[in-house]
Amino acid sequence: MDHSPASPLHLLIVDDDPQIRSMLAEYLATFGMEADGAEGGAAMRAAMATRDYDLVVLDLSLRGENGLALCREIREHGDLPVIMLTARTELADRVVGLEVGADDYVTKPFEMRELVARIHTVLRRTRGGGVKRPAAVGGHELRFGSWRLNRSIDLLVSRLRQKLRDDPRDPTLIRTVRGEGYVFTGAVEA
């Protein structure tokens with residue numbers, strides 16, 4: 001979604017605590033963001049069916065469907081940025097949240113201003129500052145096996161490795177070059 005400076009960002013807050021939804025929506029409004037609330041998966045789907053959102057703030061521990069399943073569902077249908085919001089502070093919880101597709105992970109309690117900064121950072125990273133990135137860079141497309149690669153690799157490497165079943169502890173297709181970035185090491189088919 002492209003935004004002019006006067007156009008507000010539209011966020012969806014998925015949390016089963018109405019007080020948190022209300023508090024976040026009010027605070028985000030002071031930064032020019034419009035936020036709708038959803039108490040769970042059904043309300044999230046209904047809201048997303050009627051409006052396009054720029055980002056979802058998603059609580060991990062919801063009654064009924066959990067946040068991980070909802071994040072996975074969002075990711076299966078597109079690249080809508082997701083910030084996980086949770087009281088869980090264990091490393092394993094953060095890693096799983098990021099692996100299922102969350103773009104960032106904020107633990108409760110948190111400073112509201114930090115959440116605003118993270119929202120802006122995620123949107124800059126995922127939307128190029130509010131402008132959608134082209135699907136292909138320079139029209140190049142690499143083919144390997146049954147996969148085609150046509151977009152830049154940045155913080156989505158974890159997601160890509162997961163889809164390729166490339167073990168991040170011993171990757172064979174995408175290797176990390178410390179201080180430099182990533183290198184694709186799979187055989188490119190003509």
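The values are calculated or read from the model by the stated rules, or taken from the named source; none is laboratory data. Bear in mind the structure is a predicted one, so any value in this text is a computation, not a measurement. In this analysis, Cβ positions are derived from the backbone assuming ideal geometry, glycine residues included, and neighbour counts consider all displayed protein chains.
Regarding the range 44-52, can at least one residue be identified that is over 17 Å from the mean Cα position of the chain (by Cα), closer than 24 Å to residue 127 by Cβ and of a type in the set (Lys, Arg)? Yes, the range 44-52 contains at least one residue that is over 17 Å from the mean Cα position of the chain (by Cα), closer than 24 Å to residue 127 by Cβ and of a type in the set (Lys, Arg). Residues in the range 15-47 that are free of Cβ contacts under 8 Å to residues at least 40 places away in the same chain, in a helix (DSSP H, G or I) and crowded, with 20+ Cβ neighbours inside 10 Å: 21, 44. Suppose we keep only residues that are among the aliphatic types (A, V, I, L, M) and closer than 13 Å to residue 12 by Cβ within the range 65-89. Which one would you say is surrounded by the fewest Cβ atoms within 10 Å (Cβ to Cβ)? Selected residue: 80. Can you find a residue in the range 28-40 that is in the same structural domain as residue 117 (by TED's automatic domain parsing), over 18 Å from residue 115 (Cβ atoms) and not β-branched (Val, Ile, Thr)? The answer is yes; a qualifying residue exists. Of everything listed in (1) farther than 21 Å from residue 117 by Cα; (2) part of a loop (DSSP other than H, G, I, E, B), the single unmet condition for residue 70 is (2). If the condition is being outside any strand (DSSP E or B) and either touching a Pro at 6+ places or on another chain (Cβ under 7 Å) or hydroxyl-bearing (Ser, Thr, Tyr) (or both), then the range 48-67 contributes 50, 53, 61.
This table checks each residue for (1) closer than 16 Å to residue 41 by Cα; (2) in contact (Cβ under 8 Å) with a residue 24 or more places away in the chain; (3) of a type outside the set (D, E, K, R); (4) in the same structural domain as residue 33 (by TED's automatic domain parsing).
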residue	(1), (2), (3), (4)
57	yes, yes, yes, yes
65	yes, yes, no, yes
68	yes, yes, yes, yes
76	yes, no, no, yes
80	yes, yes, yes, yes
92	no, no, yes, yes
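Select from the range 161-190 the residues that are in a helix (DSSP H, G or I) and touching a Phe, Trp or Tyr at 6+ places or on another chain (Cβ under 9 Å) and write down the one among them that is modelled with the highest pLDDT. Here the answer is 164. Taking the criterion of being more than 10 Å from the chain's Cα centre (by Cα) and of a type in the set (A, V, I, L, M, F, W, C), the residues of the range 59-83 that qualify are 60, 62, 68, 69, 70. Checked across the range 2-14, the condition of being among the β-branched types (Val, Ile, Thr), surrounded by 15 or more Cβ atoms within 10 Å (Cβ to Cβ) and either free of Cβ contacts under 8 Å to residues at least 60 places away in the same chain or over 21 Å from residue 125 (Cβ atoms) (or both) holds for at least one residue. Filtering the range 101-117 to residues that are assigned to a loop (DSSP other than H, G, I, E, B) and surrounded by fewer than 21 Cβ atoms within 10 Å (Cβ to Cβ) leaves 108, 109, 110, 111.
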